[in-house]
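The values are calculated or read from the model by the stated rules, or taken from the named source; none is laboratory data. On a predicted model such as this, the values are computed, not experimentally measured, just so you know. Ideal geometry is used to build each Cβ from the backbone, glycine not excepted, and the neighbour counts take in all protein chains shown.
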Amino acid sequence: MRKLPIYLIVILTCCCTSVQVFPQQLTASEIIRRADEKFNGEKTSQGEMSVQIVRPSWERTIVCKYWAKGRDYSLTLVTSPAREKGQSFLKLKNELWTWNPTISRLIKLPPSMLSQGWMNSDYSNDDILKESSLLLDYSHQLAGEGLHDGTACWKILLIPKENAAVVWGKIIKWVSRDEFLMLKSEYYDEDGVLVKTESAYDIRMMDDRRLPTRIEIVPAREKGNKTIVRMLSVKFNRELGDAFFSQQNMKTVK
């Protein structure tokens with residue numbers, strides 16, 4: 001058998017090495033998928049967070065527990081302050097519900113309420129209930145690169161797909177190139193006007209991954225208003241059966 005010349009062996013070796021070092025460029029959709037799974041869990045997520053609502057003349061903090069499974073199921077329970085304790089919010093596939101223990105009333109939320117602030121905060125009902133999907137409801141385009149708090153990021157433009165039941169006209173997300181962390185998001189209405197900006201900080205180990213643990217949400221047209229979400233604890237990919245997400249459980253979950 002004829003042997004290959006030494007120079008061809010060297011060239012082929014270099015080509016193979018280059019393929020390993022420089023993998024195929026990621027698409028915008030793949031970047032969003034990795035970032036979304038890292039923040040929300042590949043299968044399930046559950047944890048506790050505080051939501052600090054800041055206004056020019058007052059502020060208050062709400063603490064809640066949450067459980068989520070894929071796109072179809074989520075449950076959020078308010079644990080403090082005492083006035084709202086026990087109030088819960090449920091997404092059951094295409095239905096959205098809230099339970100108020102003070103008046104013992106179960107209320108179905110219309111889709112028009114998704115854009116409204118959760119518990120009068122700058123965090124929307126859509127943010128809490130995860131009705132829309134970054135992966136399924138939007139198309140994705142690479143829109144350049146930028147820095148957030150000194151970290152190099154991809155800028156990804158998200159445009160709603162036709163007939164998608166979403167709140168926003170477009171979203172621009174900054175995703176870190178090193179860890180696929182969503183570090184900044186700009187939300188625009190249907191007229192292309194900026195509505196709010198989310199910025200993420202304080203990256204720490206949470207369960208099995210590093211995540212931002214403080215998210216500041218600042219509305220563009222309400223001076224002095226902001227909401228600060230702090231992740232107190234989180235666990236990913238624990239077993240959660242579909243039956244956990246029920247109207248009965250939203251009244252009794254602790």
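For region 58-85: of the residues being of a type in the set (Gly, Ala, Ser) and within 21 Å of the chain's Cα centre (by Cα), which is surrounded by the fewest Cβ atoms within 10 Å (Cβ to Cβ)? Quick ask: steps written out before the conclusion?
Within region 58-85, the subset of a type in the set (Gly, Ala, Ser) is 68, 70, 74, 80, 82.
Next cut, within 21 Å of the chain's Cα centre (by Cα) only: 68, 70, 74.
Details: 68: 23, 70: 15, 74: 22.
Looking at the filtered set, the residue picked out is 70.
Evaluated against (1) surrounded by 20 or more Cβ atoms within 10 Å (Cβ to Cβ); (2) within 18 Å of residue 138 (Cα to Cα), residue 194 falls short on exactly one condition, (1). Looking only at residues that are closer than 18 Å to residue 188 by Cα and of a type in the set (A, V, I, L, M) in region 129-155, which one is nearest to the chain's Cα centre (by Cα)? Per the criteria, the residue is 134.
Tell me yes or no: at least one residue of region 205-214 is assigned to a loop (DSSP other than H, G, I, E, B), modelled with pLDDT of 90 or more, buried (at least 20 other Cβ atoms within 10 Å of the Cβ) and touching a Phe, Trp or Tyr at 6+ places or on another chain (Cβ under 6 Å). No, every residue in region 205-214 fails to be assigned to a loop (DSSP other than H, G, I, E, B), modelled with pLDDT of 90 or more, buried (at least 20 other Cβ atoms within 10 Å of the Cβ) and touching a Phe, Trp or Tyr at 6+ places or on another chain (Cβ under 6 Å).
Residue 121 fulfils the conditions (1) surrounded by fewer than 18 Cβ atoms within 10 Å (Cβ to Cβ); (2) among the polar types (S, T, N, Q); (3) at pLDDT 90 or above except for a single criterion, (1). Residue 159 satisfies every condition listed in (1) more than 17 Å from residue 36 (Cα to Cα); (2) assigned to a strand (DSSP E or B); (3) hydrophobic (A, V, I, L, M, F, W, C) except (1). Of everything in region 145-178 that is closer than 23 Å to residue 209 by Cβ and polar (S, T, N, Q), the residue that is surrounded by the most Cβ atoms within 10 Å (Cβ to Cβ) is 176. When residue 192 is tested against the conditions (1) more than 17 Å from the chain's Cα centre (by Cα); (2) touching a residue at least 24 places away in the same chain (Cβ under 8 Å), the lone failure is (2).
Collect the residues in region 239-254 that are exposed (fewer than 13 other Cβ atoms within 10 Å of the Cβ) and not polar (S, T, N, Q), keeping them in residue-number order. I'd like the intermediate steps shown before the answer.
First, pick out the residues of region 239-254 that are exposed (fewer than 13 other Cβ atoms within 10 Å of the Cβ): 239, 241-243, 248, 252, 254.
239, 241, 242, 243, 254 - these are the residues of region 239-254 that are exposed (fewer than 13 other Cβ atoms within 10 Å of the Cβ) and not polar (S, T, N, Q).
Is it true that residue 106 is within 20 Å of residue 40 (Cα to Cα), in contact with a helix residue (DSSP H, G or I) (Cβ under 9 Å, 6 or more places away or on another chain) and surrounded by 11 or more Cβ atoms within 10 Å (Cβ to Cβ)? I'd like the intermediate steps shown before the answer.
Numbers: within 20 Å of residue 40 (Cα to Cα): no; in contact with a helix residue (DSSP H, G or I) (Cβ under 9 Å, 6 or more places away or on another chain): yes; surrounded by 11 or more Cβ atoms within 10 Å (Cβ to Cβ): yes.
Here the answer is no, as residue 106 does not meet what is asked.
Considering the conditions (1) in contact (Cβ under 8 Å) with a residue 60 or more places away in the chain; (2) touching a Phe, Trp or Tyr at 6+ places or on another chain (Cβ under 9 Å); (3) buried (at least 20 other Cβ atoms within 10 Å of the Cβ), residue 134 is excluded by exactly one of them, (2).
Kindly indicate which of 179, 186 is farther than 17 Å from residue 202 by Cβ and of a type in the set (Asp, Glu).
Details: 179 fails: farther than 17 Å from residue 202 by Cβ.
Just a single option satisfies the conditions, and that option is 186.
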